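S.K.: Below is a structure I'd like to ask you about.
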Amino acid sequence: MLACTISKVCRLLVSPELVSIRYGIKRSEIGIIIQGVLLGLLIFSAVFKFVIHLWEYFCRADNSESRKNKEIRRSLIFFASLGFTMIVVAPSWMMIVLDFDVHPILWIFHFVLSEPLKRLSLCIYWLGLIYASVLRFYNISKNSKIERILLRKYYHLLAVSMFLPALIYQPKFLDLAFGAALAVFLVLEIIRVWRIWPLGQLVHQFMSAFTDHRDSDILIVSHFSLLLGCALPIWMSSGFNDRPLIPFAGILSLGIGDTMASMVGHKYGVLRWSKTGKKTIEGTAAGIVSVLAACSVLLPLLASTRYIPTQ
């Protein structure tokens, strides 16, 4: 996206041929939308930080305004600028730089409604799973003594139940859904870090229930790791059909292999790989065997659904 932008604005610095299809850059509509939205959000976060610093600098002298009013005003600035970025700036960027034929938001509606029964049913299925799992796991995290490392693995199993059917029957829609989910995660993380009223504190309390030592004091990246781990093999394997299990690599390794390795290693692991580490040989063996078993079941399933010859 950045290379195409520079090529469009400064043709002397970057030749248009370097970002052409001949050199392997595929400009699918879904890829353009994902790149534009994510890059727009990253730029928005930096611009919003600059605007907030300026606003606080000029309003520092006004001490009569209550803290609640300041939070509400900052929240209004945030959501107004976020809406303007997502509805006007990012779509205009896509349409100008990459010659998008129609407004991206209209294209998304047309794409979803082109197969309404399948895609809307899949969205309802996802929302139902997310709602049930979030309520269940959040209550467990507050009231149970189960270690967080194991509690987080339930979300890995949730990813399998959500993404595996979609990847088999609706792979293009799953591409778009991954981009939308990543954008939502970015927005929620910005809201959490900046404590944007009224959601900032609620999001922080919920996310903190699933953190461990691998998350920093500022950023929580575990959910990004899980989502990108499942999405990147799918995005990067686009156009390759010689190995049908490549798109499933992230789902199998994170959702099944990593989960089984942690659970078996935590409960039955005795032989450790090193004196200082926590990884066990039993857990590693369980992870390998579970992935191989899943592959042996998945291949006949893909053949029966005609996924292998059509993809």
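The values are calculated or read from the model by the stated rules, or taken from the named source; none is laboratory data. Note that the structure is a prediction, hence the values are computed from the model and not measured. Every residue, glycine as well, gets a Cβ built from its backbone with ideal geometry; the counts of neighbours run over all protein chains shown. Surface accessibility is based on the protein's heavy atoms, side chains included, excluding ligands, DNA and RNA. Shrake-Rupley method; radii C 1.70, N 1.55, O 1.52, S 1.80 Å.
S.K.: For the pair Gln205 and Ser28, what calculated FRET efficiency results from E = 1/(1 + (r/R0)^6), where r is the Cβ-Cβ distance and R0 = 45 Å, to the nearest 0.05? Mind showing how you got there, number by number?
M.R.: Details: r = 39 Å, r/R0 = 0.86.
Efficiency for this residue pair is about 0.70.
S.K.: Something else now. Write out the trypsin sites (Lys or Arg not before Pro) in the range 34-116 meeting two conditions: DSSP loop, and at most 10 other Cβ atoms within 10 Å of their Cβ.
M.R.: Numbers: sites: Lys49, Arg60, Arg67, Lys68, Lys70, Arg73, Arg74; in loops: Arg60.
In loop regions of the range 34-116 (DSSP not H, G, I, E or B), the sparsely surrounded trypsin sites (Lys or Arg not before Pro) are Arg60.
S.K.: Rounded to the nearest 10 Å², what accessible area does Asp258 have for a 1.4 Å probe in the complete protein model?
M.R.: 50 Å²
S.K.: If you count only protein heavy atoms with a 1.4 Å probe, what accessible area per residue comes out for the range 239-304, rounded to a whole Å²? Please report the intermediate quantities before stating the final value.
M.R.: Details: 4100 Å² over 66 residues.
Per residue, the range 239-304 has 62 Å² of solvent-accessible surface.
S.K.: Continuing with the same structure: So how far apart, in nm, are the two label points at Val134 and Leu42 if each is 7 Å from Cα heading toward Cβ?
M.R.: Distance between the two pseudo-spin positions: 2.6 nm.
S.K.: Still on this model: What nm distance separates the two modelled labels at Ser222 and Met236, each placed 7 Å from Cα along Cα→Cβ?
M.R.: 2.4 nm
S.K.: Also: With label points built 7 Å along Cα→Cβ from the Cα atoms of Arg272 and Tyr125, find their separation and express it in nm.
M.R.: The two pseudo-label positions are separated by 4.2 nm.
S.K.: If r is the Cβ-Cβ distance from Ser304 to Leu245 and R0 is 22 Å, what FRET efficiency results, to the nearest 0.05? Please report the intermediate quantities before stating the final value.
M.R.: Working: r = 15 Å, r/R0 = 0.69.
Efficiency for this residue pair is about 0.90.
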